[in-house]
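Chemist: Handing you a structure now.
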Amino acid sequence: MLIRRADRHRQFNPSLNRDEDTSFFEIELVKPIKGFYNWVVFEDHTAIEDAPNNYIIATNSTIVKLRPVDHAQLKEDEKFQFLPEHQPLLANWVAGAENKHVRFELMQPRNGIRNWFAFSEHIEVHGQPIMSPTPAS
């Protein structure tokens with residue numbers, strides 16, 4: 001899950017040894033879980049790592065694909081559905097592409113592949129600005 005904000009808190013817990021306290025995080029998620037964005041998690045039960053520079057969320061149901069063409073032209077293993085309720089896709093980089101698409105490299109491969117395309121009008125990219133495509137020489 002991708003966290004938008006995490007605030008660390010310490011609270012004295014009288015049921016524990018007087019020298020110990022309870023640490024927890026109040027977190028706000030980018031995408032809700034069970035309809036909720038805000039959660040509390042105990043520090044001992046979680047690990048919060050630095051967020052990636054880029055993440056992609058679906059604003060409409062869309063198909064992520066190997067090439068910026070109509071998804072009907074692709075085999076099933078060359079595409080996957082990406083819905084607004086899905087967790088964000090974490091990307092190493094995002095670049096503009098032809099046919100109103102963006103190209104990106106996933107941090108974790110999908111179907112063994114890292115580089116994918118998505119229709120730009122069905123997604124939002126958060127993080128670093130989208131790079132312009134490099135013109136062919």
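Chemist: Taking the beta-carbon count within 10 Å as an exposure proxy, list Trp116, Trp93 from fewest neighbours to most.
Modeler: Neighbour counts put them in this order, fewest first: Trp93, Trp116.
Chemist: For the pair His45/Ser23, report the inter-label distance in nm, with labels modelled 7 Å from Cα in the Cβ direction.
Modeler: 1.7 nm
Chemist: Sticking with this structure for a sec: In nm, what is the difference between 0.36 nm times the number of residues separating Leu106 and Asn92 and their Cα-Cα distance?
Modeler: Stretched fully, the Leu106-Asn92 segment lengthens by 4.4 nm.
Chemist: Along the Cα→Cβ direction, 7 angstrom out, place labels at Arg10 and Phe80. What is the inter-label distance in nm?
Modeler: In this crude label model, Arg10 to Phe80 measures out at 4.1 nm.
Every number in this text was worked out from the coordinates using simple rules, so none of it is lab data. Predicted model, so just to flag it, every value in this text is computed and none were measured. For neighbour counting, all protein chains shown are included, and Cβ atoms are generated from backbone atoms with ideal geometry for every residue, glycine included.
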